[in-house]
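Structure, as structure tokens:
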Amino acid sequence: MSSTHADLAIATFAIDEIVEGTQTGRDGTTLIVSPPQLAVGAGEPALAEATVEVVRPGDRVRISNVCDAVVPDVRADDPSRTFPGPVGTADDHLGAEPVIHRLGGVCVLTSCDWEGAGYVGPDELPASIVDMAGPGRDRSPFGDTTNVVLRCVPAPGVPVGEADAAMRRAGATLARDLASATLGHTPDDRTLPVAFPDADPSLPAVCAIVQVASEGPLVDTFLDGAHLRDLRPRAIDPAWLYAGRITNGAYDWPGVRNVTAAYQEAAVIGALAAVHGTSLRFAGLILAPGYLDTASAKRASAEASAALAAAMGASGAVCTTFSSGNSHTDTMLTVRALERRGVATVAMVCETNGGLTDHVDEADCLISTGNEDELVDPWIPDRVIGGEAGARIGLATPTVNYLSGCTQLGNDVWTAVPA
Amino acid sequence: MQIPTVFITALPTIAQMVGANRVVRGVAITHPTGDPSLAAGDEAALRIRILERAADMLGTEVDPRTVWEVDA
Amino acid sequence: MRVVHYLNQFFAGFGAEEAAGHEPVRLEGPQGPGRAFAAAGLHVDVTIACGDDRFALDEAASLATLLAWIDEDAPDVVIAGPSFGSGRYGYACGVLAREVARRRIPVVLAMTPDSPGVLAAEGGAYIVPTGANVAAMRHTVPVMTGLALRLAAGETVGTAGDEGYLPRGLRVNVRADDDAATRAVGALVAKLGGRVTTEIAPPADRVSPPPPVPDLAHATVALVTEAGCVPQGNPDRLPTRHANVWLRYPLDGVASLSADGYETVHAGFDTTDANLDPNRLVPLDAARALVDAGRIGTLHEEFFTTSGVDTPVAVAARFGQEIAAEIRNAGVDAVILTGT
């Protein structure tokens, strides 16, 4: 059963360095950026400030108050459809031959000190950090990319949802404009078709269940820019992840929730695609809510995900997790509901110093994405971008405070082992 | 020496996870042994049924981490 | 080599239960069991001590005082206890050890494997397992000494199995060869083929179910709750979160928990419905009905309460052990526990 409607192609253009110039463009593996052309925040009335600067791996810089990470993408077939919702036009059908030009080695990071701007109280948003050097450099995957940092300050009195939408719009626009430097260029020979051709029906069918949480401004997840607070488990085309239709607006617990880049990279789909036709056949992708409030809502959602997986004919399911705390209960209940229907499960979860937050006996196959409590040695950078308040300068810092430090969507190699 | 304990809670998976062996599913987080949506007499009867289930469980040999529902 | 030793009020020589509220003190040289360590080859330079109740009830301030002394003394190793089977003493040793470990100072404890101190230490300490009472001192001191001397000298210590300390349960982050998604798909393919593997083992601290109550109609049952139910006005100021105490209130003559007489102070849920009828949290009226019907013999004439919000597992374990000791002494046969 093929469950993508669009054979989306992604062409990656590797970028090794970014230099400033008068005209944004690309020359081999060098990206030239023109700061005036990238003044994306200038037209946003909800933002008082929106500054752009480039930081590179090895710079003694800590980026703080990091909200999101976005991979520079542009729809080469129709740039106006890039990042549907925040920036581009949205449509369930991606088009006849959708092609994304993607920059490799570059990321847009958005940063905003929401507490400093008066939108949240102290300790409501944990510290969110990317280190470009020092002991914490490899804790975030973004310590290894050349980052174009968009630092925003909301305009006074603007409602938080508007300020956040403006920041997300500016960040997506910046990401698209950077990738647009490759329009008209021949892709490197790394064109990546994302397709699931018909496979041997005797292979076990495996689905992916991607958990997202959407709880309100600054803790939301979006589909085409609309929040997912009422999400019920639903089957979606995996191409939607690659195409930037699912974006992040959740800025708490940076180590364990999903940034937009993680959806764009969709490692769990790639891992299934790699063995589709040989070890298994891909049955489909389910988008499911996590962090539900009540025990009955959690049970109902877990049952709904399991029923959907069974209806897809799945004999196996890969479950991802969003954040920690009681979202782990959602993952475990989903695992239990699946196993009780005869669907074999594997789930990706992070750990704490006190062990697992929740567990069910049926969860016999777990992948660890690391111990979120492990401390990273203190560091004093030469510069901080994003604000020193909450930047934990000179303090030992738990892994959970590093952006995507323990991502449970499966994109990174960190794991935990017994000591 | 162990004291048999039955735990009435609306979050039985967490109870199981921390190792509670006798668990009766409670009504809700905010009222494990009650239901404000019922008339007073019905709620009192429900509470007695919950306790009877709990008493049954105290008198029953169980496998580790067992959850019982209260029959509606 | 500089060594600091933590003791409770009893082992420091201030008295037994009556001195459990003793403030933290700092003394030069070894005290009490500290002298046994000296005989074994580990000289204690400074002894710090605190009453077990004082630590339990005033944890933040007590801990800050003790840690300030440790920071000043800059020891090469800290030893605490042995606390054997003592819940409060073990808890204090464990919490202190957790913080000492965060300062990258090695710390050695000794207690029973089910002491709340094991959980409280969060893997930061080397904990020698002991029997429940002080008779185990003779065997414990040399093992602690051996570990402490080597740790203080910066030597590597072997695994728990080899060296005789409790597995630390630490999980350290490393970079795998493949990303988690690839490992997940690989594990699932293996599982579908009949081979189940996992990177995270199920939780290990299991207690097997006690045998059932043989004759409930003649048994005594106690009501316990973490729902924060207290007499109206919260006369003993049960904290709404981070509770470091459990409380007990009489039930004789009380047929049902009235809205006027009782309230809940739990900060973790909407208490509106519960305050209209506290039996929705502590089912006293229904428990009385079961006694009247002969289903239960008697109801223990007090209930036990705390508010289970942001309660560390180690603290909850200590509460459970303490309440269990109380009701065991009172002849209670079974417990009905309610939670939110």
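The values are calculated or read from the model by the stated rules, or taken from the named source; none is laboratory data. Treat the numbers as computed from the prediction; the structure is a model and nothing was measured. Every residue, glycine as well, gets a Cβ built from its backbone with ideal geometry; the counts of neighbours run over all protein chains shown.
Observations, loosely collected:
- Residue A:380 β-branched (Val, Ile, Thr), touching a residue at least 12 places away in the same chain (Cβ under 8 Å) and more than 28 Å from residue A:211 (Cα to Cα): yes
- Flag if residue A:275 is within 14 Å of another protein chain (Cβ to nearest Cβ), β-branched (Val, Ile, Thr) and within 18 Å of residue A:330 (Cβ to Cβ): no
- The residue of the range C:287-340 that is surrounded by the fewest Cβ atoms within 10 Å (Cβ to Cβ), among those that are among the acidic types (Asp, Glu) and farther than 15 Å from residue C:229 by Cβ, is C:292.
- Residue check for residue C:260: out of contact with any Ser or Thr (no Cβ under 6 Å at 6 or more places or on another chain), part of a loop (DSSP other than H, G, I, E, B) and acidic (Asp, Glu): yes
- Considering the range C:316-340, the residues that are touching a helix residue (DSSP H, G or I) at 6+ places or on another chain (Cβ under 7 Å) and more than 10 Å from chain B (Cβ to nearest Cβ) include one that is nearest to residue A:357 (Cα to Cα), namely C:318.
- Residue ID - nearest to the chain's Cα centre (by Cα), chosen from residues in the range C:210-222 that are surrounded by fewer than 21 Cβ atoms within 10 Å (Cβ to Cβ) and at the interface with chain B (Cβ under 10 Å from one of its Cβ atoms): C:210
- Residue in the range C:227-247 that is of a type in the set (A, V, I, L, M) and in contact with an Asp or Glu (Cβ under 7 Å, 6 or more places away or on another chain) present: yes
Conditions tested, residue by residue: (1) touching a strand residue (DSSP E or B) at 6+ places or on another chain (Cβ under 8 Å); (2) closer than 17 Å to residue C:290 by Cβ; (3) part of a loop (DSSP other than H, G, I, E, B); (4) within 7 Å of chain C (Cβ to nearest Cβ).
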residue	(1), (2), (3), (4)
B:37	no, no, yes, no
B:47	no, yes, no, yes
B:62	yes, no, yes, yes
B:67	yes, no, no, no
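- Every residue from the range B:1-19 that is within 8 Å of chain C (Cβ to nearest Cβ), among the hydrophobic types (A, V, I, L, M, F, W, C) and under 21 Å from residue A:328 (Cα atoms): B:10, B:11, B:15, B:17, B:18
- Candidates in the range C:263-286 are the residues that are more than 28 Å from the chain's Cα centre (by Cα) and among the small types (Gly, Ala, Ser); of these, the one that is surrounded by the fewest Cβ atoms within 10 Å (Cβ to Cβ) is C:286.
- Within the range B:49-60, the set of residues being under 13 Å from residue B:27 (Cα atoms) and at the interface with chain C (Cβ under 8 Å from one of its Cβ atoms) comprises B:50, B:51.
- With respect to being within 23 Å of the chain's Cα centre (by Cα), in the same structural domain as residue C:78 (by TED's automatic domain parsing) and part of a helix (DSSP H, G or I), residue C:7 falls outside the description.
- The condition of being part of a loop (DSSP other than H, G, I, E, B), in the same structural domain as residue A:177 (by TED's automatic domain parsing) and over 17 Å from residue A:241 (Cα atoms) holds for only one of A:77, A:92, that being A:77.
- Unmet criterion (only one of (1) acidic (Asp, Glu); (2) at positive phi; (3) modelled with pLDDT of 95 or more) for residue C:72: (2)
- Residue ID - surrounded by the most Cβ atoms within 10 Å (Cβ to Cβ), chosen from residues in the range B:23-35 that are touching a residue at least 12 places away in the same chain (Cβ under 8 Å) and in a loop (DSSP other than H, G, I, E, B): B:33
- Residue match in the range C:41-56 (condition: touching a strand residue (DSSP E or B) at 6+ places or on another chain (Cβ under 7 Å), of a type in the set (A, V, I, L, M, F, W, C), under 19 Å from residue C:168 (Cβ atoms) and surrounded by 23 or more Cβ atoms within 10 Å (Cβ to Cβ)): no
- Tallying residues that are out of contact with any strand residue (DSSP E or B) (no Cβ under 9 Å at 6 or more places or on another chain) and either crowded, with 21+ Cβ neighbours inside 10 Å or among the charged types (D, E, K, R) (or both) within the range A:268-325 yields 5.
- For the range A:391-406, a residue qualifies if it is facing chain C (nearest Cβ under 8 Å) and β-branched (Val, Ile, Thr), and exactly one does: A:399.
- Whichever residue in the range C:187-209 is charged (D, E, K, R) and either in a helix (DSSP H, G or I) or surrounded by fewer than 17 Cβ atoms within 10 Å (Cβ to Cβ) (or both) and, among such residues, is farthest from the other protein chains (Cβ to nearest Cβ): C:195
- Elements of type strands (runs of 3 or more DSSP E) contained in the range A:134-233, each with 3 or more residues being in contact (Cβ under 8 Å) with a residue 12 or more places away in the chain and of a type in the set (A, V, I, L, M, F, W, C): A:146-154, A:205-212, A:219-223
- Scope the range C:264-307; condition more than 10 Å from chain B (Cβ to nearest Cβ) and touching a Lys or Arg at 6+ places or on another chain (Cβ under 6 Å); matching residues: C:267, C:302, C:304
- Residues of the range C:256-288 that are free of Cβ contacts under 8 Å to residues at least 12 places away in the same chain and basic (Lys, Arg): C:280 alone.
- Residue C:135 falls short of the stated requirement of being within 13 Å of chain A (Cβ to nearest Cβ) and either buried (at least 20 other Cβ atoms within 10 Å of the Cβ) or farther than 30 Å from residue A:262 by Cβ (or both).
- Listed by position, the helices (runs of 4 or more DSSP H) inside the range C:107-186 whose residues that are in the same structural domain as residue C:32 (by TED's automatic domain parsing) and among the polar types (S, T, N, Q) number at least 1 are C:137-152.
- Number of residues in the range B:20-35 that are more than 7 Å from chain C (Cβ to nearest Cβ), touching a strand residue (DSSP E or B) at 6+ places or on another chain (Cβ under 8 Å) and among the charged types (D, E, K, R) equals 1.
- Scanning the range A:125-142 for residues that are more than 20 Å from residue A:369 (Cα to Cα) and out of contact with any Asp or Glu (no Cβ under 7 Å at 6 or more places or on another chain) turns up just one, A:134.
- Taking the listed residues A:319, A:350, A:365, the one that is under 30 Å from residue C:98 (Cα atoms), modelled with pLDDT of 95 or more and facing another protein chain (nearest Cβ under 10 Å) is A:350, with no other qualifying.
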